[in-house]
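S.K.: Submitted below is the structure of interest, expressed as structure tokens.
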Amino acid sequence: MGGDFAPRATVAGALQSLAELDPTHTIQLVGQTSVIEGELRTLLAGEFATQGARGVRRERIEIVEAPDVIEMVDKPGAAVRGKPNSSMIVGLRLQAEGKSDAFVSAGNTGAQMAASMIILKLHEGLKRPAIATIFPTARQPVVVLDSGANVDCSADELTQFARLGAVYAEDILGRTNPAVGLLSIGEEPEKGNSVVKEAHEMLRESGLNFIGNVEGRDLPAGQCDRGPIDVVICDGFVGNVVLKFYEAVAPMMLGILKKAGVEPERLTAALKDLDYSEHGGAPLLGVRGVSIISHGKSSPRAIKNAIRAAVRAVESHMDEHIGRGLQSVAGEGEAA
């Protein structure tokens, strides 16, 4: 029920996803039953039917009643406490009870983060979760975290984010021994604010493949003078500013080049990797489960791709990998 174009975009995205996923996969649509049923009837009889609904059987869709709706303007804490029967709370509870494998929402990000921490809980030793976002580059995509969950972070939290990002890069992007960079205002260790400088020292001793500070210009390139980058670490304030800037680049370039008379179709195809809907959603790393946060303006295509991201996270056992990695670090600390 969450998102600017819900529930139509959410239901349509689920149907598109089922058309592409293995027939063993099913989707639970959590929300107001009568509204969801109406959307399903309209889509299956209309626009989706004409696009080809191969493999989309009605029995692959389960509707779970959740009468309350957390609005985008609701304060996260109040929404979680005051709307226990919302689609977000009920959906996450299904996973906690072992009745689903992953949760996807385009609703209130703060509420999803708070509810995920309360219902799914954090891995032992973690202080906060982080949103991991895929950024396109001239080389290959990099994962940036945190991209909005935590405005202020300690050096220890940034180091924990690096461990989470390294697992994500291994399991989802297929990177071996991923290179981790710390976003700062200069590549030298002494550059940055006090938290960044402290985090730099901690990352050097972390056992990760830490390549040092990286700058904003290194992100689009996907590499710095020390080599390719796989993971970029920053606090949620900086990460979200960079993310929103990235989202505006493709429309800006399209507008400029259209004025110059360049063929728009070719441009759109060339810049598709800069479209947030290409990846669909960002996982909230650190919670015990899979919680995918989608853009509030998610289209059906974005929802479909968010579901695909959830499936990859489940099939790669990413959450278990994170848990084992954190236990290993904790064990080393106790031994020391």
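The values are calculated or read from the model by the stated rules, or taken from the named source; none is laboratory data. Everything quoted here is computed from the prediction, not taken from an experiment. A quick note on method: Cβ atoms are made from the backbone with ideal geometry, for glycine too, and the neighbour counts reach across all protein chains shown.
S.K.: Can you pull out every residue in the range 98-140 that is without any contact (Cβ under 8 Å) to a residue 40 or more places away in the chain and not basic (Lys, Arg)?
M.R.: Within the range 98-140, Gly98, Gly110, Ala114, Ala115, Ile118, Ile119 qualify.
S.K.: Consider Asp152 carefully, then state whether it is more than 18 Å from the chain's Cα centre (by Cα) and within 20 Å of Val195 (Cα to Cα). Break it down stepwise before answering.
M.R.: On the way: more than 18 Å from the chain's Cα centre (by Cα): yes; within 20 Å of Val195 (Cα to Cα): yes.
Spelling it out, Asp152 is indeed more than 18 Å from the chain's Cα centre (by Cα) and within 20 Å of Val195 (Cα to Cα).
S.K.: Consider only pairs whose beta carbons are under 6 Å apart and that are at least six residues apart or on different chains; among these, list those whose first residue lies in the range 184-210 and is touching a residue at least 24 places away in the same chain (Cβ under 8 Å) and not assigned by TED's automatic domain parsing to the domain that holds Leu158 and whose second residue is surrounded by 15 or more Cβ atoms within 10 Å (Cβ to Cβ) and not in a helix (DSSP H, G or I).
M.R.: Listed pairs, sorted by first residue: none to list.
S.K.: Also, quick follow-up: What are the pairs, 6+ residues apart or on separate chains, where a residue within the range 223-243 that is in the same structural domain as Asp152 (by TED's automatic domain parsing) has its Cβ under 8 Å from a residue that is among the hydroxyl-bearing types (Ser, Thr, Tyr) and crowded, with 24+ Cβ neighbours inside 10 Å?
M.R.: Val231/Tyr168; Gly236/Ser147; Gly239/Thr133; Gly239/Ser147; Asn240/Ser147; Val242/Ser147; Leu243/Thr133; Leu243/Ser147
S.K.: Tally up the residues in the range 199-237 that are surrounded by fewer than 17 Cβ atoms within 10 Å (Cβ to Cβ), over 15 Å from Arg163 (Cα atoms) and of a type in the set (Gly, Ala, Ser), please.
M.R.: Result for the range 199-237: 3.
S.K.: Would you be able to tell me the number of residues in the range 81-97 that are of a type in the set (A, V, I, L, M) and either free of Cβ contacts under 8 Å to residues at least 60 places away in the same chain or under 14 Å from Leu29 (Cβ atoms) (or both)? Give the steps one after another, and end with the answer.
M.R.: Start the filter on the range 81-97 by keeping residues that are of a type in the set (A, V, I, L, M), which leaves 88-90, 92, 94, 96.
From what is left, the residues that are either free of Cβ contacts under 8 Å to residues at least 60 places away in the same chain or under 14 Å from Leu29 (Cβ atoms) (or both) are 88-90, 94.
Final tally of qualifying residues: 4.
S.K.: In the range 286-325, which residues are part of a strand (DSSP E or B) and more than 24 Å from Asp4 (Cα to Cα)?
M.R.: Val287
S.K.: Of Ala138, Ala111, Ala96, Ala78, which residue is among the aliphatic types (A, V, I, L, M) and surrounded by 20 or more Cβ atoms within 10 Å (Cβ to Cβ)?
M.R.: Exactly one residue qualifies, and that residue is Ala111.
S.K.: So, one more: From the set of residues in the range 6-30 that are out of contact with any strand residue (DSSP E or B) (no Cβ under 8 Å at 6 or more places or on another chain), under 28 Å from Glu71 (Cβ atoms) and not aliphatic (A, V, I, L, M), which is surrounded by the fewest Cβ atoms within 10 Å (Cβ to Cβ)?
M.R.: Result: Arg8.
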